[in-house]
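Nothing in this text is a laboratory measurement; each read-out follows from the coordinates by a stated rule. Predicted model only: the values in this text are computed from it and were never measured. Please note: Cβ atoms are built from the backbone with ideal geometry, for glycine as well, and neighbour counts cover all protein chains shown.
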Amino acid sequence: MSADKIKNARDFIECVPQVLALKMELVEIADGAAVIRMPYDPQIVGDPETGVIHGGAVSTLMDTCCGTAVIAHPDNPGGTATISLRIDYLRAAAPGQAVTARAECYHLTRSVAFVRGTAHDEETGCPVATATGTFTVETKA
Amino acid sequence: MSRARPEPMQVVKQRRDAALLALAGRVPYIRFLDIGFDRRGDELTGVLHFDEKLIGNPHLPALHGGVTAAFLEVTSIITLSWSVLWEDVETGALTQDDLEAGSLPRLPKTIDFTVDYLRSGLPRDAYARAHVTRSGRRYASVRAEAWQDNHARPIAQAHAHFMMPRREV
């Protein structure tokens, strides 16, 4: 992957206020793939009785990770925007643990990028959530 | 036999608002996004108060798609939970004391959530409404939409399935 594309993708997520608010960290980036980690934070708890984080925060992590994978695709000339995103919540994320999302842009046409992703907490095995999404492919201005 | 005299309006309002506050106010993530709920009778409208930290694309600028999805999910969960709670609030099965003690049913759990992005979210407040299509004993189907200045021009729509909390018999 070219240094330019890596820098673009890194810039894409690292200057985003919501990404900073959730303290997300870009762990890995490659051609059409990205890994992003989101630490546990009491502010994003969705179930006060168990301390499990809210699905909405997982959605934001997935959307960010899938979008980054699209930008990191070698055939994508520019930026991207989400067309649709579906998240399946397989199980509750363990309270106190970070969630790490991995996304892969597995097909790209002139106008649409197809992406799938998974999110794991610090336990191995069954993911916390899976995602499938479609994203726009912007033509270079 | 004459019908029971309706309760004074203030009493009814106070009980309903206390229930809504107890339901949404206890979730940290709802406070993190600063989402409030407007209530007219039993109908709720979610209000996402704009803040710089909600931005996902600083160049446009636009709301983060994840925030829009989360806003729709929060509105769906609270609307669904509220629709189940409503009867208990109305009949008085759930009293003001219960609410203050935090004895509310558990929140529904999201099974899956699908969001369509229709327009980019502008850096300003957004509104959302959810409609419970079916609410069964175990599962529920909900659809929701979010808009900003113009209700006829939604920024996103969602549909989702939830698992309902077990109710004590």
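Being under 15 Å from the mean Cα position of the chain (by Cα), more than 14 Å from chain B (Cβ to nearest Cβ) and at positive phi is a condition met by no residue of segment A:95-105. The strands (runs of 3 or more DSSP E) located wholly in segment A:40-129 that include 3 or more residues which are among the hydroxyl-bearing types (Ser, Thr, Tyr) occupy A:82-89.
Considering the conditions (1) closer than 22 Å to B:Arg134 by Cβ; (2) in contact with an Asp or Glu (Cβ under 9 Å, 6 or more places away or on another chain), B:Ala19 is excluded by exactly one of them, (1).
Starting from segment A:45-57, take each residue that is at the interface with another protein chain (Cβ under 7 Å from one of its Cβ atoms) and list its partners that are β-branched (Val, Ile, Thr) and in a loop (DSSP other than H, G, I, E, B), counting only C-beta distances under 8 angstrom and pairs at least six apart or across chains. Pairs that qualify, where the first residue is at the interface with another protein chain (Cβ under 7 Å from one of its Cβ atoms) and the partner is β-branched (Val, Ile, Thr) and in a loop (DSSP other than H, G, I, E, B), are A:Val45/B:Val27; A:Gly46/B:Val27; A:Asp47/B:Val27; A:Pro48/B:Val27; A:His54/B:Val27. Of the residues contained in segment B:78-97, one or more are found to be buried (at least 20 other Cβ atoms within 10 Å of the Cβ) and out of contact with any helix residue (DSSP H, G or I) (no Cβ under 9 Å at 6 or more places or on another chain). For segment B:112-132, the set of residues classified as at the interface with chain A (Cβ under 10 Å from one of its Cβ atoms) and assigned to a strand (DSSP E or B) consists of B:Asp112, B:Phe113, B:Thr114, B:Val115, B:Asp116, B:Tyr117, listed by residue number. Against the list (1) touching a Leu at 6+ places or on another chain (Cβ under 7 Å); (2) assigned to a helix (DSSP H, G or I), the condition B:Gly56 fails is (2).
Name the residues in segment B:24-58 that are surrounded by 13 or more Cβ atoms within 10 Å (Cβ to Cβ), within 14 Å of another protein chain (Cβ to nearest Cβ) and in contact with a helix residue (DSSP H, G or I) (Cβ under 6 Å, 6 or more places away or on another chain), would you? Selection gives B:Ala24, B:Pro28, B:Tyr29, B:Ile30, B:Phe32, B:Ile35, B:Gly46, B:Leu48, B:Lys53, B:Leu54, B:Ile55, B:Gly56.
All conditions in (1) buried (at least 24 other Cβ atoms within 10 Å of the Cβ); (2) more than 20 Å from B:Ala69 (Cα to Cα) hold for A:Ala33, with the sole exception of (1). Restricting attention to segment A:58-68, and to residues there that are facing chain B (nearest Cβ under 7 Å) and β-branched (Val, Ile, Thr), which single residue is nearest to the chain's Cα centre (by Cα)? Restricting to residues being facing chain B (nearest Cβ under 7 Å) and β-branched (Val, Ile, Thr), the top hit is A:Thr64.
Out of everything in segment A:107-141 that is of a type in the set (Ser, Thr, Tyr) and surrounded by 14 or more Cβ atoms within 10 Å (Cβ to Cβ), what residue ends up being nearest to the chain's Cα centre (by Cα)? Residue satisfying both the conditions and the ranking: A:Thr118.
Look at (1) within 18 Å of B:Val132 (Cβ to Cβ); (2) polar (S, T, N, Q); (3) part of a loop (DSSP other than H, G, I, E, B) and you find that B:Thr79 fails only one, number (3). The set of residues from segment B:146-169 being in contact (Cβ under 8 Å) with a residue 12 or more places away in the chain and among the polar types (S, T, N, Q) comprises B:Gln148, B:Gln157.
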